[in-house]
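Reviewing the structure listed below.
The values are calculated or read from the model by the stated rules, or taken from the named source; none is laboratory data. These numbers were taken from a predicted model, which means no experiment stands behind them. As a convention, Cβ positions derive from the backbone with ideal geometry for all residues, glycine included, and neighbour counts pool all protein chains shown.
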Amino acid sequence: MNLAELLSSKGKTMLLDGAMGTQLALSGFEMGGQSNIAHPDVVLAVHRQYVESGATLLITNTLTMNRVNIESHNIGMDVREVNLAGVRLARTAAGDGRYVLGDMGPTGKMLKPHGDLSEESAYAAFVEQADILAEGGVDGFIVETMFDVREALCALAGCKKAGDLPVIVTMTFNTLKNGGRTVMGDSARDCAIALTRAGAAAVGANCGSLDPLEMAQVVSWMKEVTALPLVAQPNAGRPRLVEGATVFDMSPAEFASGACACVRAGARLVGGCCGTSPAHIQALRSAIEDG
């Protein structure tokens, strides 16, 4: 069964993996796709830990590896090399019976008129990254951590230009006020409607300033306006600043309880974002299996 068939089926809840960046940081390595080149063994080990925890969909370590982000932040990575490495590592860990999602995130720049990046330039960067990920052999794409629905739509269009692979899109919400809003003011319902119309295979929420229980409310709002499979990837609680460092300290059991609320609200694909670990995904798997 390919990924498109899996997403369109009426089967059981599908388990995504958890955070990569914060896991790398905990081990003393650099967050981001740079570690695909500098420390591939460490990235591979994290992927394998998520497989052992029960994840059936692995996300490549390529979130910020589009040309605009790489060049504007002087990361010094070759776009092609780092994205192909990310796919290769996830595919090696996935083995048989699991799926690999090519991860694509924001450019790191604001779109005009709020910033100086045109939608055309953003789209071109996303097409380039999606082409490389598809060449590497991903089963589909996940566009995530998007706070501007216009940029999310550029990325979705870029993925669809790259080939006929399913594209999952998740937005990042800052508040539950006024129907759930991103930093740019896009509501949960409006995001779901726009992304559904543009051809996403699944839509949902990840990261942001909401805890897992609050994300369940976002899922329920999206369910009101789309028949697509819904996705929830909450952080391990709300981010807190402790001695200058961002901390996520929700326990695996607490996280699993909140993520299961997302499932009850309608999410069919669930996993974790910042601060989550293989232990969080293991707890979520157990909670789902226990019903």
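Structure summary
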quantity: Every pair of residues 6+ apart whose Cβ atoms lie under 7 Å, when the first sits in segment 14-27 and is more than 18 Å from A259 (Cβ to Cβ) while the second is outside any helix (DSSP H, G or I) and of a type outside the set (S, T, Y); calculated: G21/M31; G21/G32; L24/E30; L24/M31; A25/M31
quantity: Any strands (runs of 3 or more DSSP E) falling wholly within segment 233-284 and containing at least 2 residues that are over 19 Å from V219 (Cβ atoms) and either at pLDDT 95 or above or among the aliphatic types (A, V, I, L, M) (or both); calculated: 240-242, 245-247
quantity: Residue list for segment 174-191, restricted to those being of a type outside the set (D, E, K, R), in a strand (DSSP E or B) and either out of contact with any Lys or Arg (no Cβ under 9 Å at 6 or more places or on another chain) or within 20 Å of N235 (Cβ to Cβ) (or both); calculated: T175
quantity: Segment 190-206: number of residues that are closer than 17 Å to R268 by Cα, surrounded by 20 or more Cβ atoms within 10 Å (Cβ to Cβ) and not aliphatic (A, V, I, L, M); calculated: 2
quantity: Test set (1) under 17 Å from the mean Cα position of the chain (by Cα); (2) under 17 Å from E144 (Cα atoms) - A55 fails condition number; calculated: (2)
quantity: Residue in segment 177-186 that is touching a residue at least 40 places away in the same chain (Cβ under 8 Å) and surrounded by 22 or more Cβ atoms within 10 Å (Cβ to Cβ) present; calculated: yes
quantity: Sole exception among (1) surrounded by fewer than 24 Cβ atoms within 10 Å (Cβ to Cβ); (2) under 18 Å from the mean Cα position of the chain (by Cα) for H114, by number; calculated: (2)
quantity: Every residue from segment 189-204 that is free of Cβ contacts under 8 Å to residues at least 40 places away in the same chain and out of contact with any Asp or Glu (no Cβ under 9 Å at 6 or more places or on another chain); calculated: I193, T196, R197, V203
